[in-house]
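Please read the structure below before turning to the comments.
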């Protein structure tokens with residue numbers, strides 16, 4: 001996996017988030033402040049511009065640029081949260097990038113996310129999509145499957161994790177103020193996290 | 001003097017809280033506001049926080065006081081060990097307590113402690 005694959009990942013994520021912008025915002029309107037779709041769409045548009053402006057040479061540079069841009073340009077909580085995942089991945093990732101190396105860096109990214117947001121599995125956050133994706137990647141490495149299949153399994157785990165947030169009661173963020181009324185809605189952060197993983201599977205397919 | 005940056009989702013909220021803190025602690029207290037997004041909307045801007053941080057940094061450390069959500073997350077990304085710290089305190093009460101302590105010229109750890117005492121203030 002070279003820098004081009006990582007650029008393609010963020011381009012595809014930007015496309016999917018733009019396509020689903022209104023769905024993400026509707027999910028956020030139910031339990032949040034109705035800005036997740038527009039915020040992330042704006043942030044990823046800026047990421048595409050930053051990557052096109054000065055094309056990075058290594059996967060780590062792509063991740064570092066994407067992370068810093070999301071932190072700077074999103075304006076909502078998803079900016080620093082996604083930004084931390086990608087910045088940590090940039091620090092952890094070793095060249096050349098293998099599935100095992102990606103899985104290890106991704107796990108570090110999820111740990112950084114959990115630390116910053118102080119969120120754990122079951123809190124109805126993006127962790128509920130990304131932690132299962134991380135576990136799926138680790139299992140793919142253990143089972144010796146190819147990159148493509150590994151990313152497909154991670155995307156499926158993230159999608160299932162996002163859907164699994166529907167019956168959860170939120171314990172983090174604005175939705176947590178709603179108490180039991182947060183039950184019955186998919187978490188918008190988990191939904192967008194599933195799009196990031198779907199984008200990854202799409203670019204290696 | 002220790003500097004303070006009040007980080008809020010709204011530019012108005014941050015600016016008025018900073019004005020109130022300076023009004024109570026003294027006009028010369030280094031308290032800066034970083035509210036809202038760079039384009040004037042509700043949210044958080046790293047650029048505004050960093051600019052505010054520079055404006056109050058006199059070399060004795062800076063306390064960041066966020067309101068909630070993305071303000072807290074973004075402020076935590078800017079922490080520097082022993083130099084820039086985030087106070088986990090009520091926004092208004094914490095800002096005033098920290099500003100009064102900063103104006104007294106005490107070190108960073110004492111300003112942080114004064115802010116944290118605001119968490120247990122009872123109004124009745």
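Can you pull out the residues in region A:42-60 that are more than 14 Å from chain B (Cβ to nearest Cβ) and surrounded by 17 or more Cβ atoms within 10 Å (Cβ to Cβ)?
Within region A:42-60, A:44, A:47, A:48, A:50, A:51, A:56, A:59, A:60 meet the criteria.
What are the residues in region A:47-60 that are over 16 Å from the mean Cα position of the chain (by Cα) and under 24 Å from residue B:45 (Cβ atoms), if any?
Once the filter is applied, which keeps residues that are over 16 Å from the mean Cα position of the chain (by Cα) and under 24 Å from residue B:45 (Cβ atoms), region A:47-60 yields A:49, A:50, A:51, A:52, A:53, A:54.
Report yes if residue A:84 is away from every other protein chain (no Cβ under 14 Å) and either over 19 Å from residue A:20 (Cβ atoms) or touching a strand residue (DSSP E or B) at 6+ places or on another chain (Cβ under 6 Å) (or both), otherwise no. Break it down stepwise before answering.
Values: away from every other protein chain (no Cβ under 14 Å): no; either over 19 Å from residue A:20 (Cβ atoms) or touching a strand residue (DSSP E or B) at 6+ places or on another chain (Cβ under 6 Å) (or both): yes.
In short, no.
Only one of these is closer than 26 Å to residue A:104 by Cα, surrounded by 15 or more Cβ atoms within 10 Å (Cβ to Cβ) and at pLDDT below 95: A:204, A:127, A:145, A:141. Name it. Explain how you work it out, then say what you get.
Values: A:127 fails: at pLDDT below 95; A:145 fails: at pLDDT below 95; A:141 fails: at pLDDT below 95.
A:204 is the lone residue from the list that is closer than 26 Å to residue A:104 by Cα, surrounded by 15 or more Cβ atoms within 10 Å (Cβ to Cβ) and at pLDDT below 95.
So, in region B:77-98, exactly how many residues are within 14 Å of chain A (Cβ to nearest Cβ) and either assigned to a helix (DSSP H, G or I) or under 21 Å from residue A:175 (Cα atoms) (or both)?
Number of matching residues: 2.
With the requirement that a residue be outside any helix (DSSP H, G or I), at the interface with another protein chain (Cβ under 9 Å from one of its Cβ atoms) and out of contact with any helix residue (DSSP H, G or I) (no Cβ under 6 Å at 6 or more places or on another chain), what does region B:44-76 give you? Reasoning before the result, please.
As a first pass, look at region B:44-76 and keep what is outside any helix (DSSP H, G or I): B:44-45, B:57-69.
If we keep only those that are at the interface with another protein chain (Cβ under 9 Å from one of its Cβ atoms) as well, we get B:44-45, B:68-69.
The answer is B:45, B:68, B:69.
For residue A:98, which of the numbered conditions (1) within 25 Å of residue A:66 (Cα to Cα); (2) within 17 Å of the chain's Cα centre (by Cα) fails to hold?
Every listed condition holds for residue A:98 apart from (2).
For region A:108-124, which positions are assigned to a helix (DSSP H, G or I) and either buried (at least 23 other Cβ atoms within 10 Å of the Cβ) or under 12 Å from the mean Cα position of the chain (by Cα) (or both)? Let's see the steps before the verdict.
If we filter region A:108-124 for residues that are assigned to a helix (DSSP H, G or I), which is where we start, we get A:108-117.
Those that are assigned to a helix (DSSP H, G or I) and either buried (at least 23 other Cβ atoms within 10 Å of the Cβ) or under 12 Å from the mean Cα position of the chain (by Cα) (or both): A:109, A:110, A:113.
Would you confirm, using the coordinates I've provided, whether residue A:156 is more than 22 Å from residue A:82 (Cβ to Cβ), in a helix (DSSP H, G or I) and more than 14 Å from every other protein chain (Cβ to nearest Cβ)? Full working, then the answer.
Values: more than 22 Å from residue A:82 (Cβ to Cβ): no; in a helix (DSSP H, G or I): yes; more than 14 Å from every other protein chain (Cβ to nearest Cβ): yes.
Answer is no for this residue.
Filter region A:26-41 down to residues that are without any contact (Cβ under 8 Å) to a residue 60 or more places away in the chain and buried (at least 20 other Cβ atoms within 10 Å of the Cβ), then give me how many there are.
Filtering region A:26-41 down to residues without any contact (Cβ under 8 Å) to a residue 60 or more places away in the chain leaves A:26, A:29, A:34-35, A:38-39, A:41.
Add one more test, that the residue is buried (at least 20 other Cβ atoms within 10 Å of the Cβ), and what stays is A:35, A:39, A:41.
Here the count works out to 3.
Could you count how many residues in region A:33-46 are outside any helix (DSSP H, G or I) and within 18 Å of the chain's Cα centre (by Cα)?
Residues flagged as outside any helix (DSSP H, G or I) and within 18 Å of the chain's Cα centre (by Cα) within region A:33-46 amount to 1.
Each row is one residue, and each column tells you yes or no for (1) within 21 Å of residue A:2 (Cα to Cα); (2) within 12 Å of chain B (Cβ to nearest Cβ).
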| site | (1), (2) |
| --- | --- |
| A:96 | yes, no |
| A:101 | yes, no |
| A:109 | yes, no |
| A:112 | no, yes |
| A:116 | no, yes |
| A:123 | no, no |
| A:143 | no, no |
| A:147 | yes, no |
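Checking residue A:72 against (1) within 14 Å of another protein chain (Cβ to nearest Cβ); (2) within 15 Å of the chain's Cα centre (by Cα); (3) part of a helix (DSSP H, G or I): exactly one of these is not met. Which one?
(2)
For region B:14-34, state whether one or more residues are within 14 Å of chain A (Cβ to nearest Cβ), touching a helix residue (DSSP H, G or I) at 6+ places or on another chain (Cβ under 7 Å) and crowded, with 21+ Cβ neighbours inside 10 Å.
We begin by selecting, within region B:14-34, every residue within 14 Å of chain A (Cβ to nearest Cβ); these are B:34.
Of the ones still in play, those that are also touching a helix residue (DSSP H, G or I) at 6+ places or on another chain (Cβ under 7 Å) are B:34.
Restricting the remaining residues to those that are crowded, with 21+ Cβ neighbours inside 10 Å gives B:34.
Among the residues of region B:14-34, at least one is within 14 Å of chain A (Cβ to nearest Cβ), touching a helix residue (DSSP H, G or I) at 6+ places or on another chain (Cβ under 7 Å) and crowded, with 21+ Cβ neighbours inside 10 Å, which makes the answer yes.
The values are calculated or read from the model by the stated rules, or taken from the named source; none is laboratory data. None of these values were measured; they are calculated from a predicted model. Glycine gets a Cβ as well: all are built from the backbone with ideal geometry, and neighbour counts include every protein chain shown.
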